[in-house]
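Asks: Sharing a structure with you now.
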Amino acid sequence: MSAAQLANTPSGGSTRRVWGLMYRHLALYRRSWPRLLELMYWPVLQMLIWGFTAQFLAMRSGNPVAVAGGVLIGGVLLWEIALRGQMGVTMTFLEEVWSRNLAHIFVSPIRPWEMVAAMLGMSLVRLFVSVLPAIFLAWVLYRFNLFALGPVLVLFAANLLVMGWWIAFGVTSLVLRHGQGAEPLAWTLLFALTPFSAVFYPVAVLPFWLRPVALALPSAHVFEGMRAVLNQGVIRWDHLAAAAALNVVWMTGAIVLFAAQLRAARTRGALLTIGE
Amino acid sequence: MDLHSPLRPARGRRADRLPEAWAIDVAHLTKRYGDVLAVDDIGFTVAPGQTVGLLGGNGAGKTTTIAMLLGLLIPTSGSIRVLGHDMATDRFAALARMNFSSPYVALPHRLRVVENLRVYGHLYGVRHLERRIAQLAGTLDLGAILDRPSGELSAGQKTRVALAKALINTPDLLLLDEPTASLDPDIGDLVRTRLEDYRADTGCTILLASHNMAEVERLCSHVLMMKRGQIVDRGSPAELLARYGREDMEEVFLDIARDRQRTAA
């Protein structure tokens with residue numbers, strides 16, 4: 001192989017392509033403090049509102065409500081994991097749409113699964129930057145230590161994160177199908193699922209006919225599990241197993257939908273026109 | 001390029017040669033959007049090292065053809081082989097060895113020029129990336145703007161950056177969609193000179209869609225004339241000038257666009 005051919009031979013493979021796409025987004029955050037601040041803004045704001053509400057209730061009503069306050073704060077923090085996980089994936093994709101850069105990316109040798117890996121990687125980065133300050137604030141202001149949930153916290157967080165991801169791939173599929181008209185779903189879809197996710201109250205509070213909807217969502221099982229740990233000190237493995245199984249089903253469906261819409265976008269020529 | 005029977009419209013012909021002999025080998029390529037036939041059963045081949053112009057009026061099917069060559073658009077029917085790889089089944093192997101530039105597809109505006117080049121350097125797996133960026137910055141006179149956000153550049157600077165992005169992986173095949181559109185003559189000449197230099201240095205194949213006939217005459221050894229989704233004529237600029245009895249390619253273009261009769265044999 002000649003020196004010229006060697007220089008022309010790609011190096012680094014998948015890892016380098018995934019890093020290339022992540023670098024594109026990290027370079028923006030590296031020198032933009034407003035972007036970093038924007039990541040932390042909502043989780044911290046939510047924490048302050050619900051934290052002081054929980055503190056007020058505990059002051060008026062004593063220990064049982066203090067425990068309920070802890071459940072409230074725990075709910076806020078864990079729900080932020082799903083929200084930020086979803087936003088992390090969706091925003092990473094929408095940034096490419098807004099900058100009309102999708103065509104350049106899709107004519108590079110990056111594989112769709114590598115693009116998905118980069119989006120998930122950026123989602124994790126955004127999650128840590130946005131949620132860790134809120135968790136720290138909850139500990140400083142309200143003496144609520146999310147990590148006191150123990151190792152099971154990792155399982156709760158992982159399930160909510162995966163739920164955020166499959167919703168993100170659903171939203172991204174709709175953007176590929178319907179263009180920027182579907183963009184508002186990026187900010188609203190997960191909020192619309194909050195009432196059925198039993199974040200702040202048990203599933204039993206919901207009307208009988210709504211309970212199957214709630215139990216079809218991994219989040220409802222995670223929050224039932226969180227309340228069991230905080231209120232009774234027990235780990236509900238049945239709920240955790242249900243959440244994981246539902247995530248597998250929903251994630252599989254979302255990835256199939258995303259792949260189908262990506263192919264449909266290549267058939268319609270949408271990768272050239274999306275963002276216009 | 002397949003130049004057999006250049007007077008006949010090239011509907012789905014392909015040469016009886018090994019695919020590897022061609023940088024691009026297109027056969028019976030068709031793209032239909034509902035009732036609209038954007039590309040109608042075209043076929044052509046481009047030999048390695050050639051610069052071929054893809055000409056035609058607006059809506060002739062040039063951009064659609066380039067999008068299919070890049071794998072951005074799935075054809076309704078037909079086959080495309082690029083650098084010996086079937087774009088339907090093995091496009092990533094071809095994409096690693098090709099690149100693309102168009103003034104209509106932007107690079108992220110908020111990223112600095114050097115960051116944009118790094119992103120694409122990583123995506124294409126470029127060895128010694130910083131050295132390659134410095135080399136391109138020297139060749140394309142980007143040194144002073146490497147640390148500026150891409151969105152703050154002038155049209156000429158953006159075009160040079162887009163060309164740097166297109167050359168970052170030292171491609172064997174370069175697809176260019178109107179590479180000098182909206183540039184002043186000075187910058188346009190610079191871009192054309194750099195393309196000529198690159199081709200001379202590397203033996204790269206270039207497929208160029210352009211409305212600038214002087215550019216086509218200067219850069220292209222062969223031309224494909226498209227109209228209503230079909231290739232209606234083909235040949236070297238000199239052959240086309242002789243065939244239509246014209247002095248320049250602008251007149252040949254107008255003859256074809258307006259269905260004028262040829263005035264020479």
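Here, each number is a calculation from the coordinates, and none is a lab measurement. Model, not experiment: these values are computed from the prediction. All Cβ positions, glycine included, derive from the backbone under ideal geometry; neighbour counts span all protein chains shown.
Asks: Principal axis extents for the protein assembly as shown, Cα atoms only, whole Å, descending order, please.
Replies: The Cα atoms of the protein assembly as shown stretch 101, 50, 43 Å along their principal axes.
Asks: Calculate, for A:ALA244 and A:THR188, the FRET efficiency according to 1/(1 + (r/R0)^6) with r their C-beta to C-beta distance and R0 25 Å; round to the nearest 0.05.
Replies: Numbers: r = 26 Å, r/R0 = 1.05.
About 0.40, to the nearest 0.05.
Asks: Sort A:SER197, B:SER154 so the one with the fewest other Cβ atoms within 10 Å of its own Cβ comes first.
Replies: Details: A:SER197 23, B:SER154 12.
Least to most surrounded, the residues fall as B:SER154, A:SER197.
Asks: What 222 nm value per residue comes from the helices of chain A, counting each DSSP H run with n ≥ 4 as -39,500 (n - 2.57) and dividing by all residues, nearest 500 deg cm²/dmol? Could you put the intermediate results ahead of the total?
Replies: On the way: 12 runs with 212 residues, N = 276.
Calculated from helices alone, the mean residue ellipticity at 222 nm is -26000 deg cm²/dmol.
Asks: Given the rule -39500 (n - 2.57) for each run of at least 4 DSSP H residues, summed and divided by the residues of chain B, what is its mean residue ellipticity at 222 nm, to the nearest 500 deg cm²/dmol? Don't skip to the end; give the middle numbers.
Replies: On the way: 9 runs with 90 residues, N = 265.
Mean residue ellipticity at 222 nm (helix-derived): -10000 deg cm²/dmol.
Asks: Let me ask something else. For B:ARG110, what charge total do you get from the other residues with a beta carbon under 12 Å from its beta carbon, if Lys and Arg give +1 and Asp and Glu give -1?
Replies: Residues near B:ARG110 contribute +3 overall.
Asks: If you find the alpha carbon centre of the range A:206-261 and of the range B:171-189, how far apart are they in angstrom?
Replies: One Cα centre to the other: 54 Å.
Asks: Points 7 angstrom from Cα along the Cβ direction at A:VAL140 and B:HIS128: gap in nanometres?
Replies: Reported label-point gap for A:VAL140 and B:HIS128 is 4.9 nm.
Asks: B:LYS165: which aspartates and glutamates have alpha carbons under 12 Å from its alpha carbon, excluding same-chain residues fewer than 8 sequence positions away?
Replies: Those aspartates and glutamates meeting the cut-off are B:GLU115.
Asks: Which longest uninterrupted range of chain B lacks any trypsin sites (Lys or Arg not before Pro) assigned by DSSP to a loop state (not H, G, I, E or B) and surrounded by at most 13 other Cβ atoms within 10 Å? Present the calculation step by step, with values, prior to reporting the outcome.
Replies: On the way: sites that count: B:ARG17, B:ARG258, B:ARG260.
Longest site-free region, per DSSP loop and neighbour criteria: B:18-257.
Asks: Could you tally the net charge around A:ALA204, taking each other residue with its Cβ under 13 Å from the Cβ of A:ALA204, Lys/Arg +1 and Asp/Glu -1? Mind dumping the intermediate values first?
Replies: On the way: positive: A:ARG211, A:ARG227; negative: A:GLU224.
That works out to +1.
Asks: How would you rank B:SER182, A:SER219, going from fewest to most other Cβ atoms within 10 Å of each one's own Cβ? Present the calculation step by step, with values, prior to reporting the outcome.
Replies: Values: B:SER182 12, A:SER219 27.
Arranged by neighbour count, lowest to highest, B:SER182, A:SER219 become B:SER182, A:SER219.
Asks: Further, regarding this structure: State to the nearest 20 debye the size of the charge dipole of the range A:34-272 about its Cα centre, where the only charges are +1 on K and R beta carbons and -1 on D and E beta carbons. Mind dumping the intermediate values first?
Replies: On the way: 14 positive and 8 negative charges, 38 e Å.
Dipole about the Cα centre, nearest 20: 180 debye.
Asks: Turning to a different aspect of this structure: Lysines within cross-link reach of B:LYS31: Cα-Cα under 17 Å, excluding same-chain residues under 8 positions apart?
Replies: Answer for B:LYS31, where 17 Å is the Cα cut-off: B:LYS62, B:LYS227, listed by chain and number.
Asks: Can I ask one more? Among rounded, prolate and oblate, which fits the range A:200-276 when a ≥ b ≥ c are the square roots of the eigenvalues of its C-alpha gyration tensor, a/c under 1.5 means rounded, and a/b larger than b/c means prolate? Provide the component values of the computation, followed by the final result.
Replies: On the way: a/c = 3.36, a/b = 2.72, b/c = 1.23.
Taking the square roots of the gyration eigenvalues as a ≥ b ≥ c, the range A:200-276 is prolate.
Asks: What percent do you get for the relative contact order of the range A:48-178 when only Cα pairs under 8 Å and 6+ apart count? Mind dumping the intermediate values first?
Replies: Details: 110 pairs, mean separation 47.8, N = 131.
Relative CO of the range A:48-178 lands at 36 percent.
Asks: Still on this structure, please answer the following. According to the square roots a ≥ b ≥ c of the eigenvalues of the Cα gyration tensor, what is the shape class of the range A:34-272, taking rounded for a/c under 1.5, prolate for a/b larger than b/c otherwise, and oblate for the remainder?
Replies: On the way: a/c = 2.34, a/b = 1.74, b/c = 1.35.
In terms of gyration-tensor shape, prolate.
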